[in-house]
1. Can you sort Ile518, Ile314 from fewest to most other Cβ atoms within 10 Å of each residue's own Cβ?
2. Can you give the convex hull volume of the alpha carbon atoms of the range 220-275 per residue, in Å³?
3. Sum up the charges of everything whose Cβ sits under 13 Å from the Cβ of Val499, counting Lys and Arg as +1 and Asp and Glu as -1, but leave Val499 out.
4. Please list, in order along the range 280-293, the HN-Hα scalar couplings obtained from phi with the Karplus expression 6.51 cos²θ - 1.76 cosθ + 1.60 (θ = phi - 60°), rounded to whole Hz, x for Gly and Pro.
5. Enumerate the amide H contacts of Ile179 below 5 Å, restricted to partners 5 or more residues apart or on another chain; note that Pro and chain-start residues carry no placed amide H.
Amino acid sequence: MTNQAATPTSSLAPDAEGGFTHRQILTILSGLMLGMALAALDQTVVSTAIRTIADDLQGFELQAWATTAFLITATISTPLYGKLSDIYGRRPFYLAAITIFLVGSMLCGMAGSMYELAAFRALQGLGAGGLMSLALAILGDIVPPRQRARYQGLFLGVWATSSVVGPLVGGFLAGTDSILGVHGWRWIFYLNVPIGIAAFLVVGRVLRLPHRRQDHRIDWPGAVALVVALVPVLTIAEQGRQWGWQSDRAVACYLIGALGLVGFLLAERAYRDEALLPLRMFGNRSFAVASFGSFIIGSGMFGAIVILPLYLQIVKGSSPTEAGLQTLPLMLGILIGALGSGQVIARTGHYRRFPLAGAALMVLGLYLFHTVGADTPLWQTMIAMTFFGVGLGCNMQPVILAVQNAVSPTEMGVATSSVTFFRQMGGTLGAAVFLSVLFSTVTANIASAVDDASRTAEFQSAVAANPGDVKLLRGGSTNLNDTSFIETMDPTLAYPLKVGFSESMDLIFLVAAGVIMIGLVAVAFLPNVPLRSLSGVQARQADAEALAATESAPTDVHAGAGSLDSPVDDHARRSTAARRTDP
């Protein structure tokens, strides 16, 4: 083991015991939040403008690949960042993540085809994979678990704000033909550059954490096997609805993914503690429960979050920008849940109740969504958003906190990134399954709604007065690749289409509630390990001091300094107890 990165002497350096002041923590977090804002804003802005981008690049049928490529590389790189940062330190990899993201952004802005855009979005994803997980790991380094939840709410605030601001910015830029002689949508990517440069400068200036390098082999076979396992799985999750879940391409993805998973497990078993994801960590109850619970809750959570904007835009007729503003209660709920739970955890030291309460509130919110129909007032939908948002805010960060508190400080990066990874995987698969359910049931629901409406005099009069819209109605009930025609139709004829969509979405919300209920049961097994009073930096420094003192102590059992009752050994025992994982 080699010592590196001596304790810095700047005003942002920790004290002699590795502690940071509140002001130092906020200064460091300012850079981390800028980095997180890059990834969060980019996803929401691009999702709003992707149809305009695809039309301009003459690749409408390829637009899904721009999202899929980003998702694949971001998901795969997440555990890599965690493991490598544990070995070599957080700062170089966080700066690398920002740099990769910025290079990808510049190239995306210059893309001349959808194929180029997909490739450059994949490069962006490689950077995005480190921005969220490393920010949470760095927070674990500088803040003790007892106080950590208070600061984690700031990260969720960035994400929630980006979810509201993103559609506004995306809608404005996509709707602008040219800015300074450049197509409006290209500024979506170019605007990342000043934000990214600011984040790089701030992080490079303020993030100076002491680090003891660990000399380990790098699990490259596991990394390659993980790529082989995840690329086909994520690809079929995103493309299965177009390809068909039982098509030849789908079956090939299943087989390749299964072989990759077997190879990954074999590699992790061979590398043991040096593995990309050490399998022994699943023997830690907190880690195992949090990983499984994050996967399950992520499936229901992201599935609902994907469907909600569709309800607002298709059924309620909102524009992407309006839909972004209408989800404000959801974002406020997230902030309330995150900040409120953080304050209580800091005062009481108990965190287990919040994932449980959060999952229960998410189930309630999803059930309320299930009762929403085409004619439901928007304010009722917003009540459901608030419940769901508060539950989400109470669930996400305490689960990360539980894992960080339960593992060794030297493995905080891989533990944090692993839980984030499982949540992303669950979200990807959940969104794919729920969208598949939506489009496989909506045609029958529309047909039933049209049949019911056709018996009314009002509908019959609308049919006679709008023969062109009748053709759209017949075609739209079977071809739903483009739903924009709904807003141009006669409202009476469009109503059955909205009812059909609403009924399919109601089914999805109910299924999502059932999925979250399974997650609630899983989270019930999360132990309530007492929160440590030391940050990651403090715990590692205490361990290093105890180890150095023990190694320098006389081996003669009669020497006072080396006796079992010596202060050095007592220090070592207390340090070990402080980071002991739960049974």
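1. Ile518, Ile314
2. So the per-residue hull volume is 56 Å³.
3. -3
4. 5, 5, 6, x, 7, 4, 4, 5, 5, 5, 5, 5, 5, x
5. Gly184
Rule-based calculations on the coordinates, nothing more; no lab input. From a predicted model like this one, the values you see are computed outputs, not experimental measurements. Reconstructed Cβ throughout: ideal geometry from the backbone, glycine too, with neighbour counts over all protein chains shown.
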